[in-house]
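The values are calculated or read from the model by the stated rules, or taken from the named source; none is laboratory data. Please read all numbers here as calculations on a predicted model, not as lab measurements. Here the Cβ positions follow ideal geometry from the backbone for every residue, glycine too, while neighbour counts run over all protein chains shown.
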Amino acid sequence: MSFDVPVVHTVEEMRAFVRARRQAGERIGLVPTMGALHAGHISLVEEARRHAERVIATVFVNPTQFAPGEDFSRYPRTLAADCEKLATVAADLVFAPAVEEMYPSGFCTTVTLEGPAKADLEDHFRPTHFAGVATVVAKLLNQAQADIAVFGEKDYQQLLVIRTMARDLDIPTQILAGPTLRDRDGLAMSSRNVYLSAEDRARAPALHRALADAARRIAEGEVIGHVMGEAREAIVSAGFEIDYVEARHAETLARIARRHEGPIRILAAARLGATRLIDNVAVPAA
Ligand code: AMP
């Protein structure tokens, strides 16, 4: 049996909840999302629960991380269904602010980023994206003052950007990562998968297949440049247009040519028709 999860829309209400739970000696976990929740998001709530007695999920489609022409206005908004899913894992509170609550008139501050935010990956194709993400996440972390916050490895560059930002700005919330949940055929779950036509949905798992195959071959000692070239060919043959498919240092996102230069992450973004998919996998340690 699941109970309704209380939904609040203001920072003040969320802070009142946090204050009360803290006074009761409980730890608070935060899971920021843009809604249109799927099992991947729900797994992050479950991960947060392993570290905190109370879990707040936030649902906010953040306008500042979308560039003009991206899918901000058509991004799926499904708050009632999201709350039902969050009830199944007994989330304790949903914070669903309006745009004016997050960006009242006169708002004029943005976080400026370097390091993993300037890796020539997502940032090359979405140059204003991470400033919007980092600013809204900084706000959410300050608003909630949670003990821990959980982000998905699905958005791997974003995870590194947020970790770096929280460290550099001395935000006391501990940033934790949750693994990527996938459909049975390997496609990483994403709120944007609903945009895929039936034909493109059938092609989509080729992206993860190519990344997983490349990771295995690099782990087995094959030359990175050669393996990545073949991965790109496989992805193009499956009908994708590639933005990037790269093997990088897993902690800094620096370019990497040889296996021993560090832990490796393979990251990709590619388009099927108008839908852009991103994914990444770890190269297993030798
Ligand atoms: P979004 O609502 O897409 O901004 O995602 C909210 C959070 O869920 C982010 O930390 C994402 O990295 C994470 N996330 C998205 N898709 C998945 C997935 N398939 N598995 C695990 N976490 C995910």
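Answer yes or no as to whether residue 235 is in a strand (DSSP E or B) and away from the ligand (no atom under 16 Å from the Cβ). So residue 235 fails the test.
Criterion applied to 253, 277, 267, 207 was being assigned to a helix (DSSP H, G or I), crowded, with 18+ Cβ neighbours inside 10 Å and either at positive phi or not charged (D, E, K, R) (or both), and the one residue passing it is 207.
Considering the conditions (1) out of contact with any Lys or Arg (no Cβ under 7 Å at 6 or more places or on another chain); (2) of a type outside the set (Ser, Thr, Tyr); (3) closer than 29 Å to residue 124 by Cα; (4) in a helix (DSSP H, G or I), residue 31 is excluded by exactly one of them, (4). Screening 91, 48 for residues that are touching a Cys at 6+ places or on another chain (Cβ under 9 Å) and crowded, with 20+ Cβ neighbours inside 10 Å leaves exactly one candidate, 91.
Look at (1) surrounded by fewer than 17 Cβ atoms within 10 Å (Cβ to Cβ); (2) in contact (Cβ under 8 Å) with a residue 24 or more places away in the chain; (3) more than 9 Å from the ligand (Cβ to nearest atom) and you find that residue 39 fails only one, number (3).
Condition check ((1) in contact with a strand residue (DSSP E or B) (Cβ under 8 Å, 6 or more places away or on another chain); (2) within 17 Å of residue 62 (Cα to Cα); (3) surrounded by fewer than 21 Cβ atoms within 10 Å (Cβ to Cβ); (4) free of Cβ contacts under 8 Å to residues at least 40 places away in the same chain) across all residues:
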residue	(1), (2), (3), (4)
111	no, yes, yes, no
162	yes, yes, no, yes
165	no, no, no, no
184	no, no, yes, yes
194	no, no, yes, no
202	no, no, yes, yes
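Here the condition is being under 20 Å from residue 184 (Cβ atoms) and in contact (Cβ under 8 Å) with a residue 12 or more places away in the chain; of 216, 248, 271, 258, it holds for 216 alone. When the range 16-33 is filtered for residues that are farther than 14 Å from residue 173 by Cβ and either surrounded by fewer than 14 Cβ atoms within 10 Å (Cβ to Cβ) or away from the ligand (no atom under 16 Å from the Cβ) (or both), the ones remaining, listed by number, are 16, 17, 19, 20, 21, 23, 24, 25, 26. Any residue at all in the range 191-201 that's closer than 26 Å to residue 150 by Cα, at pLDDT below 95 and charged (D, E, K, R)? Within the range 191-201, one or more residues are closer than 26 Å to residue 150 by Cα, at pLDDT below 95 and charged (D, E, K, R). Of the helices (runs of 4 or more DSSP H) lying entirely inside the range 90-200, those carrying at least 2 residues that are in contact with a Pro (Cβ under 8 Å, 6 or more places away or on another chain) and within 16 Å of the ligand (Cβ to nearest atom) are 129-144, 156-168.
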